[in-house]
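Just below is one structure, and these are the notes that go with it.
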Amino acid sequence: GIKKPFTEVIKANIGDAHAMGQRPITFLRQVVALCTYPNLLDSPSFPEDAKKRARRILQGCGGNSLGSYSASQGINCIREDVASYIERRDGGVPADPDNIYLTTGASDGIATILKILVSGGGKSRTGVMIPIPQYPLYSAAISELDAIQVNYYLDEENCWALDVNELRRSLNEAKAYCNPKVLCIINPGNPTGQVQNRKCIEDVIHFAWEEKLFLLADEVYQDNVYSEGCQFHSFKKILYEMGPEYSNNVELASFHSTSKGYMGECGYRGGYMEVINLHPEIKGQLVKLLSVRLCPPVSGQAAMDIVVNPPIPGEESYSQFIKEKESVLNNLAKKAKLTEDMFNKVPGIHCNPLQGAMYAFPRIFIPSKAIEEAKAHKMAPDMFYCMKLLEETGICVVPGSGFGQREGSYHFRMTILPPVEKLKILLEKVKDFHIKFLEKYA
């Protein structure tokens, strides 16, 4: 009942595109609607190409219904479509549907793979190398499995680049207390928004090959690349281009999802993982582990199919689909630049270029007086800052301490998903708040 100095809470804390007002992609929703209620297949309101895809998906379902269980690995024809998509994306590098597993969003796939990789006790317990800052799914899953978290730091001064020397430092130090076996990469980065260049990916693959590490490539933001001169390269493609010594030996699991990109369909919980070079016996265990949860949501599988099998030139839905897709991505690119420029005009805030993904992770200066007050409240300084921001402006962001950051540095993560006009208001409010905060505590 206390009167606040704002009229609404702007939730910039989570990458939930539709909750922020992004419109669904028409074609994707049409196909899922047809699959959900097949009587609509007779309706003239739906285009023929959407009906064709819906019929194909329904034929792959038991009893021609989304309400039936699918195979644990996912519907066959959708796994075939995922394999074709990967081949097209990677310029003809082969993909085998048998290595494709449909998942409940990417998170489920990542947690499942970690589950089969973690073993041992004491110093032989599995160590999992994760980037700092990281997406907290990783620290949570590692903690749940009682594995050992091994941090490697991204280079903020160099636009959050990944440096192999830092990987080597991290690995060598970790060998004293665990058995580092897994290396996680998030590209494009969350929360940091960097896009790795080809040379960096080659270096990482060489390092994984040298140290016999299992590579986890979280590539859910592969459609979200904005900066000039930046391009998404999949780990799978580069691995194959490095030749058979690497491509036949490095174990790699890569992940994609319906939740991000231009689709933003978080609620469907659709995703896939491609797992290569897994020992046949381990593969058997993976299938067994997946069969415990029966199958991923079948409507999410249908949504994933449209992501990997969208309308093509010549089909009636193509022009509308491309228009909607490009509108979302161009809009995000505009918002990424706007956010970076606005933050860098504020004294005491520094923001690296938002090359990809859908977040800003600016560094904030917090005066020592505010740090003391935060301690008195038993709070991390950036949590104290974010709570003040929420109380005074109604803007909800996440403190950098939730993702990990170098000692003595402070950040927050916010999403760039709000509509442009609302984003401008949000950035202006953060600017005014930050200046007042510095005046109060300086």
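The table that follows gives values for the structure above.
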{"quantity": "Test: Gly105 is under 25 Å from the mean Cα position of the chain (by Cα), open to solvent by 30 Å² or more (accessible area, probe 1.4 Å), in contact (Cβ under 8 Å) with a residue 24 or more places away in the chain and closer than 27 Å to Pro418 by Cβ", "calculated": "no"}
{"quantity": "Considering residues of the stretch 163-201 that are open to solvent by 60 Å² or more (accessible area, probe 1.4 Å), of a type outside the set (S, T, N, Q) and not in a loop (DSSP other than H, G, I, E, B) only, the residue farthest from Tyr226 (Cα to Cα)", "calculated": "Glu173"}
{"quantity": "Residue check for Phe433: touching a residue at least 24 places away in the same chain (Cβ under 8 Å) and among the aromatic types (Phe, Trp, Tyr)", "calculated": "yes"}
{"quantity": "Subset of the stretch 70-118 (residues that are in a strand (DSSP E or B) and touching a helix residue (DSSP H, G or I) at 6+ places or on another chain (Cβ under 6 Å))", "calculated": "Ile100, Leu102, Thr103"}
{"quantity": "Only listed residue being loosely packed, with under 14 Cβ neighbours inside 10 Å and either over 19 Å from the mean Cα position of the chain (by Cα) or more than 28 Å from Gly109 (Cα to Cα) (or both), chosen from Leu290, Leu286, Leu294, Leu278", "calculated": "Leu294"}
{"quantity": "Residues of the stretch 298-315 that turn out to be open to solvent by less than 50 Å² (accessible area, probe 1.4 Å) and outside any helix (DSSP H, G or I), as a count", "calculated": "4"}
{"quantity": "Residue in the stretch 373-381 that is under 24 Å from Tyr152 (Cβ atoms) and surrounded by 15 or more Cβ atoms within 10 Å (Cβ to Cβ) present", "calculated": "yes"}
{"quantity": "Unmet criterion (only one of (1) open to solvent by less than 50 Å² (accessible area, probe 1.4 Å); (2) modelled with pLDDT under 90; (3) of a type outside the set (Ser, Thr, Tyr); (4) in contact with a strand residue (DSSP E or B) (Cβ under 9 Å, 6 or more places away or on another chain)) for Arg79", "calculated": "(2)"}
{"quantity": "Within the stretch 260-275, considering residues that are open to solvent by 10 Å² or more (accessible area, probe 1.4 Å) and not aromatic (Phe, Trp, Tyr), the one nearest to Thr112 (Cα to Cα)", "calculated": "Arg269"}
{"quantity": "Scan of the stretch 394-406 for residues that are assigned to a helix (DSSP H, G or I) and farther than 26 Å from Tyr226 by Cβ, ordered by number", "calculated": "Ser401"}
{"quantity": "Restricting the stretch 316-351 to residues that are assigned to a loop (DSSP other than H, G, I, E, B) and open to solvent by 20 Å² or more (accessible area, probe 1.4 Å), the residue that is farthest from Glu156 (Cα to Cα)", "calculated": "Glu316"}
{"quantity": "Residue count for the stretch 121-147, restricted to those that are in a strand (DSSP E or B), of a type in the set (Val, Ile, Thr) and within 22 Å of the chain's Cα centre (by Cα)", "calculated": "3"}
{"quantity": "Only listed residue being at positive phi and in contact with a strand residue (DSSP E or B) (Cβ under 8 Å, 6 or more places away or on another chain), chosen from Gly189, Gly193", "calculated": "Gly193"}
{"quantity": "Subset of the stretch 202-221 (residues that are open to solvent by 10 Å² or more (accessible area, probe 1.4 Å), in a loop (DSSP other than H, G, I, E, B) and at pLDDT 95 or above)", "calculated": "Lys212"}
{"quantity": "Hits in the stretch 34-60 - residues which are in contact (Cβ under 8 Å) with a residue 60 or more places away in the chain and either hydroxyl-bearing (Ser, Thr, Tyr) or not in a helix (DSSP H, G or I) (or both)", "calculated": "Thr36, Pro47"}
{"quantity": "Top-ranked residue of the stretch 352-372 - restricted to ones that are touching a residue at least 60 places away in the same chain (Cβ under 8 Å), touching a strand residue (DSSP E or B) at 6+ places or on another chain (Cβ under 8 Å) and closer than 27 Å to His256 by Cα, ranked as surrounded by the most Cβ atoms within 10 Å (Cβ to Cβ)", "calculated": "Leu354"}
{"quantity": "Residue pairs meeting the criteria (Cβ under 6 Å; at least 6 apart or on separate chains; first closer than 14 Å to Leu332 by Cβ, in the stretch 12-25; second assigned to a loop (DSSP other than H, G, I, E, B) and open to solvent by 50 Å² or more (accessible area, probe 1.4 Å))", "calculated": "Gly21/Pro419"}
{"quantity": "Residues (open to solvent by 10 Å² or more (accessible area, probe 1.4 Å), under 17 Å from Leu215 (Cβ atoms), of a type in the set (Val, Ile, Thr) and without any contact (Cβ under 8 Å) to a residue 40 or more places away in the chain) located in the stretch 113-162", "calculated": "Val118"}
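Here's the yes/no breakdown for (1) buried (at least 17 other Cβ atoms within 10 Å of the Cβ); (2) assigned by the TED database to the domain that holds Glu372; (3) outside any helix (DSSP H, G or I):
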position	(1), (2), (3)
Lys388	yes, yes, no
Gly408	no, yes, yes
Lys424	no, yes, no
Glu428	no, yes, no
His434	yes, yes, no
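The values are calculated or read from the model by the stated rules, or taken from the named source; none is laboratory data. Bear in mind the structure is a predicted one, so any value in this text is a computation, not a measurement. Cβ: placed from backbone, ideal geometry, glycine included. Neighbour counts: every protein chain shown. These area figures cover heavy atoms from the full protein model, side chains too; ligands, DNA and RNA do not enter into them. Shrake-Rupley method; radii C 1.70, N 1.55, O 1.52, S 1.80 Å.
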